[in-house]
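Heads up, the thing below is written out as structure tokens.
The values are calculated or read from the model by the stated rules, or taken from the named source; none is laboratory data. Everything quoted here is computed from the prediction, not taken from an experiment. Please note: Cβ atoms are built from the backbone with ideal geometry, for glycine as well, and neighbour counts cover all protein chains shown. With ligands, DNA and RNA removed, areas are computed over all heavy atoms of the protein, side chains included. Shrake-Rupley method; radii C 1.70, N 1.55, O 1.52, S 1.80 Å.
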Amino acid sequence: MTLPFCDADGCVRAGCDPVVCRGKGVASNAALFERSAAVIPGGVNSSIRAFKAVGGTPYIVSRAEGASVWDVEGRRYLDLVQSYGAIIAGHAHPKIVEAITSAAHDGTSYGAPTPREMRLAEEIRERVPSCERVRLMNSGSEATTTAVRLARGATGRDRIVKFAGCFHGAVDALLAAGGSGVATLGLPGTAGVPAGAVAETLVVPFNVVPKLDESVAAVILEPLPANMGLVKPAPGFLKGVRAECDRVGALLIFDEVISGFRVASGGFQQSCGVVPDLTCFGKVIGGGLPIGAVGGRKAVMEELSPLGRVFHAGTLAGNPLATAAGLAALSLLNDGAYEFMAQQAQRLAAGLREAFAAAGVAAHVPVVDSLVGLHFAPDIAHDFDEAKQTDEAFYARFFHAMLDEGVALAPGAYEVLFPGLAHSNSVIDAIVDSAGRAARLAAAG
Ligand SMILES: *Cc1c(COP(=O)(O)O)cnc(C)c1O
């Protein structure tokens, strides 16, 4: 086995650092994390990765392939994190690696338009008909920021309505009652956001159609929330929100940063049949590289600069590597791929339900297409208040028991599981076997 930094006889990699290896011939997670924390606040570049919600020291990844990641100590984990959904074809998929490599040979950024960004935008429009025009950018957070600015600019109104538990990235105006890391950290929002930045943000409960008035520029939501566990929209809810937006002339923004190109070729809007004015994308469309996109009705999208008065720009927007990776990822996502992922998600969920039942743990494992949620409470959740009933302490014990088994879940009770194209039957079955033992251990306290 090739160890990531050193082998027993000494360093095998250029740049291997004896301080990290401490003369043991192998780098250690703890030593690397400590060293990172001396230069990167908390040792991480995205809060949830620090394991605050589950305790312990993060594993530091050296490489990944398919459904597996390896840490710097050479331990392998079957991975259900999959970069929080940015990876759908499995890690280091040969087609995506080849696309990135080949693009890199042509240069990595120019500051001028390229054919690849045009093709990715066309691919998005073809799959998601509501996206008559598409603007590419660098992250999901940038997409939601831009969509909100665009909605305000296009309507001439200021107010934004968001739903508690829906997460829209690290965006000042949208951090109130966010899911994901915000929920995990138990923050009501975050310090550093002035009251003025959220003064025009109204937070309402999910699954209840809000009563709007003509001050509302837009309603933004994850149509299939996947940052407070996995919460299904109640029948009629999304249609109701659409109708209420139409009644007052507000725009409807779907944040499909997770669900886009993951639950179906046309995103969750294809499954639910409700057409938004604007859609935010990220994650899957970058093939694991940084990306974001806003798509929507032509008339609204053309309010963006340079055609309209709503400014948007980005030095690396439409990046050649990210668009190459995204195009390669989308090329793998045919009908058979979605069918396969949905099957694997069902197999995983069935196995997990059995594992929790056998351990006497009150659990719900909701599934929608390829997304799987975990909710440790007697009753299934319909909104953020109910989602927060999940037993976070149990999740933390289960998380660590799974990690000890060699299975990586996200280090937070509100994240979902991301089985993808690399999660074969044998991978799923191994995860389920582990879950059986881990659930018993976690239930024992
Ligand atoms: C991840 C996520 C974002 C933020 O995307 P980044 O690329 O992390 O900025 C926005 N909305 C949803 C629903 C997400 O899951």
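List of remarks:
- Enumeration of residues in the stretch 112-145 that are among the acidic types (Asp, Glu), buried (at least 18 other Cβ atoms within 10 Å of the Cβ) and more than 28 Å from residue 159 (Cβ to Cβ): 117, 123
- Checked against the criterion of being open to solvent by 50 Å² or more (accessible area, probe 1.4 Å) and among the aromatic types (Phe, Trp, Tyr), the candidates 356, 268, 281, 311 yield just one match: 311.
- Per the listing 275, 310, 257, 300, the residue uniquely within 16 Å of the ligand (Cβ to nearest atom) and assigned by TED's automatic domain parsing to the domain that holds residue 235 is 257.
- Residue check: residue 87 meets all listed conditions (1) assigned to a loop (DSSP other than H, G, I, E, B); (2) at pLDDT 95 or above; (3) more than 19 Å from the chain's Cα centre (by Cα) but one, namely (3).
- Among all residues of the stretch 186-196, there is none that is of a type in the set (Ser, Thr, Tyr) and modelled with pLDDT of 85 or more.
- Selection within the stretch 116-156 - touching a Ser or Thr at 6+ places or on another chain (Cβ under 9 Å), charged (D, E, K, R) and assigned to a strand (DSSP E or B): 135
- The set of residues in the stretch 157-178 being assigned to a loop (DSSP other than H, G, I, E, B) and more than 13 Å from the ligand (Cβ to nearest atom) consists of 157, 158, 164, 176, 177.
- Unmet requirement for residue 240, which otherwise passes all of (1) within 16 Å of the ligand (Cβ to nearest atom); (2) without any contact (Cβ under 8 Å) to a residue 40 or more places away in the chain; (3) open to solvent by less than 30 Å² (accessible area, probe 1.4 Å): (1)
- Summed over the stretch 409-444, the residues that are among the polar types (S, T, N, Q) and under 16 Å from residue 356 (Cα atoms) give a count of 1.
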